[in-house]
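Report on one structure; see the data block that follows.
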Amino acid sequence: MKYLLLLNNDVEQWRAWRNLSQEEAGRLRAEEMPRWTAAMSWMSEQGIEATGLELEDPADARVVQVRDGEAIVTDGPFAETKEVLGGYFLAECKDLDQAIELAQRIPLADKGSVEIRPLVEQ
Amino acid sequence: MKVMALIYGDEKTWEGAGDDERKAVYGRYRAFGESAGEKVVGGAELASTSAATTVRVRDGETIVTDGPFAETKEQLGGFYVLECGSLDEAVELAAQIPGAERGAVEVRAAHEEEAS
């Protein structure tokens, strides 16, 4: 069963991140890296195949709506929510329980949330 | 650069759509996929948010709740990963995604190295 894991980060965290110097950001990234690596190793132990992307700052998001044939482009993100998407994993898991186990190992689950969405199998 | 195009719409409208309407919409998505060609490098359709589960860890404890992380008027129904020369090109492509006509498509640039 394929699941999309949406990795949501708190808006405040995004904001705080913007004010960091490159060195500080680099240091924080490095500090968190072992937890990401641990989550990845767990996935390979479990035989979970996954792809994913990390997204850039939502401040640069754009929203496109087409109305009466005309494209209207506004600054994003689309939803005004307390947490904003920071990346995703698309993972082939045995079942929802395994997807939950994976979700709780993702460092962002501590600060924001991980939303698990099953895919429509074509 | 890789860009994620997130497709938002009112899932109730989709749930209420008949077979013919669904076929027509899938046909339009296929047409988009064909015209975008190699620029589409990934994507998926999501089951309704009624099947969503949200996981949070607070003070070392895992909290699992049913439903999406936020209740919104329009919901994430699917996405594409696009390979584009710029965010402007991604915006142009996004305007051709059928979901942009009823709902909205959010484009988000990806960090250069892949997360996996």
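Pairs linking a residue in segment A:9-26 that is in contact (Cβ under 8 Å) with a residue 40 or more places away in the chain to a residue that is of a type outside the set (Asp, Glu) and assigned to a helix (DSSP H, G or I), with Cβ atoms under 6 Å and 6 or more positions apart or on different chains, are A:Asn9/A:Leu108.
Give me a count of the residues in segment A:80-101 that are more than 28 Å from A:Ala59 (Cα to Cα) and not in a strand (DSSP E or B). Give the steps one after another, and end with the answer.
Pass one, segment A:80-101, residues more than 28 Å from A:Ala59 (Cα to Cα): A:92-101.
Of the ones still in play, those that are also not in a strand (DSSP E or B) are A:93-101.
Number satisfying all stated conditions: 9.
Scanning segment A:32-50 finds one or more residues that are outside any helix (DSSP H, G or I), facing another protein chain (nearest Cβ under 9 Å) and surrounded by 13 or more Cβ atoms within 10 Å (Cβ to Cβ). Out of curiosity, is A:Glu56 in contact with a strand residue (DSSP E or B) (Cβ under 6 Å, 6 or more places away or on another chain), charged (D, E, K, R) and farther than 15 Å from A:Ile106 by Cα? Spelling it out, A:Glu56 is indeed in contact with a strand residue (DSSP E or B) (Cβ under 6 Å, 6 or more places away or on another chain), charged (D, E, K, R) and farther than 15 Å from A:Ile106 by Cα. Among all residues of segment A:66-81, there is at least one that is in contact with a helix residue (DSSP H, G or I) (Cβ under 9 Å, 6 or more places away or on another chain), surrounded by 18 or more Cβ atoms within 10 Å (Cβ to Cβ) and over 17 Å from B:Leu87 (Cα atoms). Does segment B:34-80 hold any residues that are within 7 Å of another protein chain (Cβ to nearest Cβ), touching a residue at least 24 places away in the same chain (Cβ under 8 Å) and of a type in the set (A, V, I, L, M), and which are they? Once the filter is applied, which keeps residues that are within 7 Å of another protein chain (Cβ to nearest Cβ), touching a residue at least 24 places away in the same chain (Cβ under 8 Å) and of a type in the set (A, V, I, L, M), segment B:34-80 yields B:Ala44, B:Leu46.
Since every read-out is calculated from the coordinates, none of them should be taken as a lab result. All figures in this text were calculated on a predicted structure; none of them were measured in a lab. Every residue, glycine as well, gets a Cβ built from its backbone with ideal geometry; the counts of neighbours run over all protein chains shown.
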